[in-house]
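Values quoted throughout were computed directly from the atomic coordinates according to the rules given, and no laboratory measurement underlies them. Because the structure is predicted, anything quoted here is derived from the model rather than measured. For neighbour counting, all protein chains shown are included, and Cβ atoms are generated from backbone atoms with ideal geometry for every residue, glycine included.
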Amino acid sequence: MQDATCGIKFFYENCNFPQPFFPQTLIYYECIKDKPQQGRSKVILHVDMDAFFTSIEQRDNPELKGKPIIVGGLSKRGVVSAASYEARKFGIYSAMPIFQALKKYPGLIVVPVNKNKYAGTSQKIMKILKQYTPLVEPVSIDEAFLDITGCERLLGSHKNIAIDIKKRIKKELFLTCSIGVAPVKFLAKIASDMNKPNCITIIEKHEAKKFVLTVDIKKVPGVGEKAIKQMKILNIKTLGDINKFSLKILYKKFGKLGEKLFKFAQCIDNSKIKPKGKRKSISSETTLANDTVEMEVVKKNFLYHAQILGEKLRNKNFFTTNISIKLKFNDFSQITRQKKLKLSICSSSAIYKESLNLIKNLKINKKIRLIGISVSGLSHKKKPVQIDMFEQTKEKIDKWEKIDKTIDCISKKFGSNIIKKATLK
Ligand code: DCP
Ligand code: MG
């Protein structure tokens, strides 16, 4: 099939998903008129797993195969984390409240979230990807960029590398993914999403500049709802439309995003692959079963999240220097507050105390539906002690850390629910 807009060719390959949802899988077919490369261009791959959480659940439970299922919190207030492609046929998507999803398809199967299982599978995927190049940048639990520039001699053409990655993930993990290949990062990401699920889409260097002009502005990474509204007013539908405006005007209207779009429209994206995939933050949040104005509920939730985050930090030998809290209200507005710490901490009690400090002066007059804490500024080094931070002396923090470490050891041995703060029982 010849793509009318940019001359990209596809051929069809059998796919593993049931009819009629995915009758065909698109795989790019080598460009016949491939020009010799002028200068050294990059070859970037973007790998994104298909319906990640639900595919894992369908893989592990044959009864769920081919059925409309979602993974999500089981409370009536929960939201859809992931929807199988069979469920998407009914208009069910991630982030949709579960009650709404059930209205769309009452026979929907709801599977509880099993984060550890998904994280474990994610690690296995990243391990496979790292066997192709050390330049792997994980960007979320189920996606990563790879820079395979110069790997062709050793591993074959970029098309073959992409096919091989798909085959290995399928053979070893029984899961499918979609891969985008392009000379720049943002295009590789757009390409991986173009023909989902279970596909490879390649945008060759010599076609990229022409192709970029056809890209729907809504599909461009970084363009959010607010920008889309403004784009509509300016009649910007594609990246090609961006070229009608000067950099000055774009910057005035959209700030840094405008500058980025100006470059994207010319197929310029200088962002590099950041292979370390260094963790920047860890967060934990819960949508409450019932909206609340009770500060006791907020505090109890903070205690719960502080325990989770503390344990995660200590497991990875991390310390945090930044704590932020998030409260979302029943009208879906939200507030966040954050504090940069003078000490680096990993103790759950210290995280808890800091989160309490952040809400101390807040006046809350709306019902709260979601409560969360996030820690960032992560490092393996402990910052040297400067001065005491609010009530937390170094001695106290050291004592808490010792208690936390003992609890971690017990939890590791006997399970994470065996020991809990009395208030959380
Ligand atoms: N996820 C989540 N909450 C969201 C979005 C996603 O918990 N609001 C989780 C569940 C997804 C996983 O992250 O399975 C990966 O997110 P993707 O956006 O890649 O979505 P999927 O992999 O589920 O589907 P797709 O095939 O569109 O990539
Ligand atoms: Mg995905």
So what J values fall out for the stretch 210-218 if you push phi through Karplus, 6.51 cos²θ - 1.76 cosθ + 1.60 with θ = phi - 60°, rounded to Hz, Gly and Pro as x? 6, 4, 3, 5, 8, 5, 4, 4, 5
Within the stretch 288-334, DSSP-loop trypsin sites (Lys or Arg not before Pro) with at most 15 other C-beta atoms within 10 Å are K316
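What dipole magnitude, in Debye to the nearest 20, does the stretch 319-380 give about its Cα centre under +1 on Lys/Arg Cβ and -1 on Asp/Glu Cβ?
Its charge dipole is roughly 240 debye.
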Cα gyration tensor of the stretch 257-315, axes a ≥ b ≥ c as square roots of the eigenvalues: rounded (a/c below 1.5), prolate (a/b > b/c) or oblate? oblate
Search the structure for amide H atoms under 5 Å from the amide H of V139, placed 1.01 Å from N in the peptide plane, and list their residues when 5 or more places away or on another chain. A144, F145
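Provide the gained length on full extension for the span L247 to K219, in nm with one decimal, where the gain is 0.36 nm per separating residue minus the Cα-Cα distance.
Extending this stretch completely gives an extra 8.0 nm.
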Using θ = phi - 60° and Karplus 6.51 cos²θ - 1.76 cosθ + 1.60, couplings along the stretch 262-268 (whole Hz; Gly, Pro as x): 4, 6, 4, 4, 9, 6, 9
If you filter the stretch 238-280 for trypsin sites (Lys or Arg not before Pro), then keep DSSP loop positions with at most 14 other Cβ within 10 Å, what is left? K244, K272, K276, K278, R279, K280
In whole Å, how far is the Cα centre of the stretch 81-145 from that of the stretch 196-246? 25 Å
If you bin every alpha carbon distance in the stretch 105-167 into 5 Å steps from zero, what whole percent lands in each bin? 3, 15, 22, 19, 12, 10, 7, 6, 4, 2, 0
Any idea what the dipole of the stretch 83-236 comes to, in debye rounded to 20, about its Cα centre with Lys/Arg Cβ at +1 and Asp/Glu Cβ at -1? 260 debye
Amide H contacts under 5 Å for G72, restricted to residues at least 5 apart in sequence or on another chain and with H modeled in the peptide plane, are S81, V111, V113
Calculate, in whole percent, how much of the Cα-Cα pair population of the stretch 198-284 lies beyond 19 Å. 47 percent
Cα shape, the stretch 217-264, gyration tensor, a/c 1.5 rule: rounded
Members of K189/K339; K89/K256; K65/K316; K65/K124 lying beyond 25 Å, as alpha-carbon distances in this model show: K189/K339; K89/K256; K65/K316
List the pairs from K167/K226; K185/K244; K103/K328; K117/K274 whose alpha-carbon separation is above 32 Å, in the order I gave them. K167/K226
Find, to one decimal place in angstroms, the Kirkwood hydrodynamic radius of the stretch 185-227, where the mean of 1/r is taken over every pair of different Cα atoms and then inverted. 11.3 Å
When each of K299/K340; K196/K218; K104/K219; K42/K237; K130/K166; K229/K253 is checked by Cα-Cα distance, pairs over 18 Å: K299/K340; K104/K219; K42/K237
